[in-house]
Every structure is written in C-alpha cells, then in structure tokens.
Amino acid sequence: MRPQDILMPVPAGLCCKPGGFHIDPVRPVERAVITHGHSDHARPGHGSVLATQETLDMMRLRYGDNFAGRTQAIAYGEQIKLGNVSIKFHPAGHVLGSAQIAVSCQDTCIVASGDYKDAPDPTCAPFEVVRCDVFITEATFGLPVFRHGPADDEIKKLLASVALFPERAHLVGAYSLGKAQRVIALIRAAGYDAPIYLHCAMEKITRYYESRGVALGELRLVRGVKKSDLAGTITLAPPSATSDIWTRRFPDPVTAFASGWMRVRARARQRGVELPLVISDHADWDGLTATIDASGAGEIWVTHGQEDALVHWCKAKGLTARPLDLVGYGDENEGDGMPAGEDAEA
Ligand SMILES: [Zn+2]
C-alpha cells in the first residue's frame, strides 16, 4: 500500500482514511488520535479521543471534563485496530505521556512522532526508536546550528548564579507543561533542596506530574509571599509572566528562560533574558538526524519547523523526503507575544 493512501495531510491535520481518524487534528473531527498534551496538538471538541492516560488527563485539566465526546486511554506498547489499520503508541520522550504513533496497514508502517526528543528527561519515559517504512519527524530545531548540549550544564549555570546573587530572586521562564517540571527535577538532581516557588498558572499541571510519581521536592506558590522573602530563591513562571508587571513582586530579579531558542543570543537579548538556559524538549539537529537514521525508514516526511534543511539532508543521504506543510503546530506559546512558530513551546 502506498504510504499516502494510509496517512495524508489535510487542513484538519494528518488524516488516516483507512483507519477513520486524524492524528493531532487542529479542527474538531469525529475521531482524534493524539500524541501529547501541548495545546497545538491536543485541542478540545473532538467526537472521540484516543491518547495515553496522561494526555487525556492533561486535556481534562486544561479544557474541563467535556473536552471530547468520548475518550479511550492506550498504554505504550499496546496495539489497537482502528478500521483497516492497527496503531501502537511508543514513548516520544517529549513530555509526560507523549507518544509516537505507529500506524500499520498491510505491510507498511508509518510512525508519526509528534514532538520528540532523544535527550534524557527525568519526568517522562525515554524516547524509543521505532523501525518503520515512513518516519514523520518534527523539525522545530531542524538546522545544524541547533545543538542543545547537556541540560545539566545549564542548571549548573542557574545554581551558580543563585549562589552568586543571594540578594536577588531568580525568575525562570519555562513552559507550564513539561519544561517547568523538567527544570525543577533537574534542579533537584543537581542537589538543590530549598523550596522552589511557582507562578499559580503552573500549579495544576505540576501537581499532576507529582500525582504520577514525578518527585519535585518542596514547592510553594509565590502568591502572598513577601518580596524580601524571595531573595535568594528560584521561581518558575510561564515565559509571558517573566516580562510583565508581575516581576515587580521580586527583589531585583535575574530573568532566566529555559528554551532551545536560547541558543540564539539575539533572541535572548531581544526578550530581556539575563540568563539564557538552552534546555529544550525537542530533538536538536544531531538528535533529529540520528533518529531518522535509526528508524531505518526509506521515506521521511518533515513537519512543523525548519523543514527545508532536514529535507535536504535526507535527500543527500539518498532518502525520499518531503515537507508536509501542516498548518497550526508550534504555537504552544502561552501568549508571550512572540510570533507563532518563532517562540513556541520549545
Ligand atoms: Zn509539544
């Protein structure tokens, strides 16, 4: 069977006609199969949603109980038949509950990876390489200039700054779903055991991570805490909050931002980030190309991000490759005023 007869990009997202579903649809559909809980992939209003339990829970937290007509949870490694195809979920290493979706029909297997990273993350199941015929990869950081480096080193930078400026507060911008919890877990792994403060917008999802067994140490809400008591502390906040009036409640704050985009110094300067932390939940260039190699796929479809360089790299390796031109992804930006796609959840 030709791959394009199994999965096809349509305005609503990736459509699987023989299976009767869409993957990560950007418009309401009858049956949605969803890779992970970020808002550009997991939207409300579908007739039914098939996803991991964590992704369903995150959608419920964000959108309320009636986010879909029906829901069905699927575990990693579990296989389900939908119409004429079978699908299987595999860990994507991106955020808690994130999955790659393998769609098999007759003798062809296509893996839609959603967002993924191959770097270690103490808050979610590690990325799993899935052998397939067609691999659909994201390309958020699909340029050779993007090499993230070890996240531990960035956390050391943060803790060194906290030690250096005990009279100042440290304010770390991080996306509420995934990045914030990963940064906290990394800070704990580095041996920092003082309370960590949270912007209230992060409370629900962070408590949810804890309820799924992710240990994050003592967390406190910043609301109601005296300004002077925040000297020498670390607070996690959504990126948008770190550049607004909310920061006045902190004594002389050092503004940090944890994102793969912080590799670009101009980007950090432009948003007034004093302490850029290159920590990403997406694969960097080396991760993308290594994963494409390891998948064994002869055909690569590239989506949401910097498709061109990756398509070119694939073709130079003798692989069939094309951009998918899907619209509507890469804008989990929590309203932080940067153009969609430029400063998305990253
Ligand atoms: Zn994502």
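The values are calculated or read from the model by the stated rules, or taken from the named source; none is laboratory data. Keep in mind that this is a model prediction, so the values were computed, not measured. Neighbour counts run over all protein chains shown; Cβ positions are idealised from the backbone, glycine included. To get the accessible areas, we keep the full protein, side chains included, count just its heavy atoms, and leave off ligands, DNA and RNA. Shrake-Rupley method; radii C 1.70, N 1.55, O 1.52, S 1.80 Å.
Quick one: in the stretch 241-273, of everything that is under 23 Å from I205 (Cα atoms) and modelled with pLDDT under 90, which residue is surrounded by the fewest Cβ atoms within 10 Å (Cβ to Cβ)? For the stretch 241-273, the residue satisfying everything is D244.
The residues listed here are G77, G97; of these, the one that is within 16 Å of the ligand (Cβ to nearest atom) and either open to solvent by 40 Å² or more (accessible area, probe 1.4 Å) or in contact with a helix residue (DSSP H, G or I) (Cβ under 7 Å, 6 or more places away or on another chain) (or both) is G97. Scanning the stretch 216-246 for residues that are in contact (Cβ under 8 Å) with a residue 40 or more places away in the chain and on the phi > 0 side of the Ramachandran plot turns up just one, G232.
Looking only at residues of the stretch 126-138 that are over 12 Å from the mean Cα position of the chain (by Cα) and within 15 Å of the ligand (Cβ to nearest atom), we find that the one that is most open to solvent (accessible area, probe 1.4 Å) is F127. Just for the stretch 309-324: of the residues that are within 18 Å of G287 (Cβ to Cβ) and touching a residue at least 40 places away in the same chain (Cβ under 8 Å), which one is farthest from the chain's Cα centre (by Cα)? Ranking the qualifying residues of the stretch 309-324, first place goes to A309. Scanning the stretch 35-59 for residues that are touching a helix residue (DSSP H, G or I) at 6+ places or on another chain (Cβ under 7 Å) and either part of a strand (DSSP E or B) or among the basic types (K, R) (or both) yields a single hit, V49. If the condition is being open to solvent by less than 40 Å² (accessible area, probe 1.4 Å), outside any helix (DSSP H, G or I), modelled with pLDDT of 95 or more and not β-branched (V, I, T), then the stretch 299-318 contributes only W301. Filter the stretch 102-123 for residues that are away from the ligand (no atom under 14 Å from the Cβ) and open to solvent by less than 20 Å² (accessible area, probe 1.4 Å); which is farthest from V33 (Cα to Cα)? Out of the qualifying residues, it is T108. Restricting attention to the stretch 1-19 and to residues that are touching a strand residue (DSSP E or B) at 6+ places or on another chain (Cβ under 6 Å) and open to solvent by 40 Å² or more (accessible area, probe 1.4 Å), the residue that is modelled with the lowest pLDDT turns out to be M1. Annotation note: of L56, L61, the sole residue that is away from the ligand (no atom under 15 Å from the Cβ) and open to solvent by less than 30 Å² (accessible area, probe 1.4 Å) is L56.
Specify the residue that is nearest to the chain's Cα centre (by Cα); the eligible residues are those in the stretch 40-53 that are within 16 Å of the ligand (Cβ to nearest atom) and modelled with pLDDT of 95 or more. Selected residue: H41. Scan the stretch 168-180 and tell me whether some residue there is more than 21 Å from the chain's Cα centre (by Cα) and open to solvent by 10 Å² or more (accessible area, probe 1.4 Å). Yes.
I'd like the residue in the stretch 258-277 that is in contact with a strand residue (DSSP E or B) (Cβ under 8 Å, 6 or more places away or on another chain) and within 23 Å of H36 (Cα to Cα) and, out of all such residues, is farthest from the ligand (Cβ to nearest atom). The qualifying residue farthest from the ligand (Cβ to nearest atom) is A258. Would the stretch 195-202 turn up any residue that is open to solvent by 20 Å² or more (accessible area, probe 1.4 Å) and over 19 Å from V254 (Cα atoms)? The answer is yes; a qualifying residue exists. Under the condition of being closer than 22 Å to L324 by Cα, touching a Pro at 6+ places or on another chain (Cβ under 9 Å) and of a type outside the set (G, A, S), the residues counted in the stretch 119-141 number 2.
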